[in-house]
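Novice: To start, I am sharing the structure in question, which I have written as structure tokens.
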Amino acid sequence: MIAPLPSTGWQPAPARTLPVAVPASLRLRGLLGQTVALTWAPKASADTLDFTLDATEWLRGTGDYLASVAASVPTASGQETDMRVLWAILVNGMACLFLSGGAPGTVQTVLVSVTTQQGRSLSQPVSIAIHSTSPATPAATAPCLPDGTAVPPNALALSNTVILTTESGCPYLLA
């Protein structure tokens, strides 16, 4: 098992980090139909910010670590101003997303899916409100490789223009 490496030079914002909650009663959870509702702090349509899920409590005592993360916005309607996930990566063992856009006055759902090194998986919906007082703004774009692959801040780079990639073209990351 390889523990998460600390990412240097960039840290997720603590104010936008949520713990993945452990249900109070695992025995009754299925019977009561309870879901754990998570909500990130609201953002303006023009904001491009990092939002993070911390699975430390969910994985406590297992010796397991997050191995991958993916995210999507199922509430997106195909508009230029829809919220978009610019990238989803592991940073310091947490699932970190960079979100941009969003129609003002709406509540969007971001579906975050994580998988651990031991094979555990979780798909966690997280709500985020878009301020109604800000104008609609098209989602920003992330820095990209020539093939369109997003380059997150923990990508290994030789310089500002040379990003180290695998044979398949994915950036190497400090996770």
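Novice: What residue, among those in the range 161-172 that are under 29 Å from Glu80 (Cα atoms) and not polar (S, T, N, Q), is most open to solvent (accessible area, probe 1.4 Å)?
Specialist: So, considering only residues that are under 29 Å from Glu80 (Cα atoms) and not polar (S, T, N, Q), the one most open to solvent (accessible area, probe 1.4 Å) is Cys170.
Novice: Further question: Could you check, for the range 94-102, whether at least one of its residues is modelled with pLDDT of 90 or more and open to solvent by 20 Å² or more (accessible area, probe 1.4 Å)?
Specialist: For the range 94-102, residues modelled with pLDDT of 90 or more and open to solvent by 20 Å² or more (accessible area, probe 1.4 Å): present.
Novice: Give the residue that is least open to solvent (accessible area, probe 1.4 Å), with candidates limited to residues of the range 69-91 that are more than 18 Å from Leu38 (Cα to Cα) and in contact with an Asp or Glu (Cβ under 9 Å, 6 or more places away or on another chain).
Specialist: Val91
Novice: Does any residue in the range 4-16 that is under 20 Å from Ser68 (Cα atoms) and modelled with pLDDT under 70 come within less than 9 Å, Cβ to Cβ, of a residue that is of a type in the set (Ser, Thr, Tyr) and part of a loop (DSSP other than H, G, I, E, B) six or more places away or on a different chain, and which pairs are these?
Specialist: Pro4/Tyr65
Novice: List the residue pairs whose Cβ atoms are under 6 Å apart, where the first residue sits in the range 55-75 and is outside any loop (DSSP other than H, G, I, E, B), the second is small (Gly, Ala, Ser) and surrounded by 19 or more Cβ atoms within 10 Å (Cβ to Cβ), and the two are 6 or more positions apart or on different chains.
Specialist: Pairs found: Leu66/Ala55; Val69/Ala88; Val69/Ala95; Ala70/Ala88; Ala71/Ala88.
Novice: Somewhere in the range 136-149, is a residue within 17 Å of the chain's Cα centre (by Cα), over 21 Å from Asp47 (Cα atoms) and among the hydroxyl-bearing types (Ser, Thr, Tyr)?
Specialist: Yes, there is a match, as at least one residue in the range 136-149 is within 17 Å of the chain's Cα centre (by Cα), over 21 Å from Asp47 (Cα atoms) and among the hydroxyl-bearing types (Ser, Thr, Tyr).
Novice: Does Ser127 qualify as being open to solvent by 30 Å² or more (accessible area, probe 1.4 Å), assigned to a strand (DSSP E or B), closer than 25 Å to Lys43 by Cβ and touching a residue at least 40 places away in the same chain (Cβ under 8 Å)?
Specialist: yes
Novice: Could you count how many residues in the range 130-144 are under 24 Å from Leu38 (Cα atoms) and open to solvent by 40 Å² or more (accessible area, probe 1.4 Å)?
Specialist: Within the range 130-144, residues that are under 24 Å from Leu38 (Cα atoms) and open to solvent by 40 Å² or more (accessible area, probe 1.4 Å) number 3.
Novice: So which of Leu122, Leu158 ends up being touching a helix residue (DSSP H, G or I) at 6+ places or on another chain (Cβ under 9 Å), modelled with pLDDT under 95 and either under 30 Å from Gly61 (Cβ atoms) or open to solvent by 10 Å² or more (accessible area, probe 1.4 Å) (or both)?
Specialist: After ruling out the rest, the residue left standing is Leu122.
The values are calculated or read from the model by the stated rules, or taken from the named source; none is laboratory data. Because the structure is a prediction, the values reported are computed rather than measured. Quick reminder, even Gly has a Cβ in these numbers, built from the backbone with ideal geometry, and neighbours come from all protein chains shown. Ligands, DNA and RNA are excluded from the accessible area calculation, which covers all protein heavy atoms including side chains. Shrake-Rupley method; radii C 1.70, N 1.55, O 1.52, S 1.80 Å.
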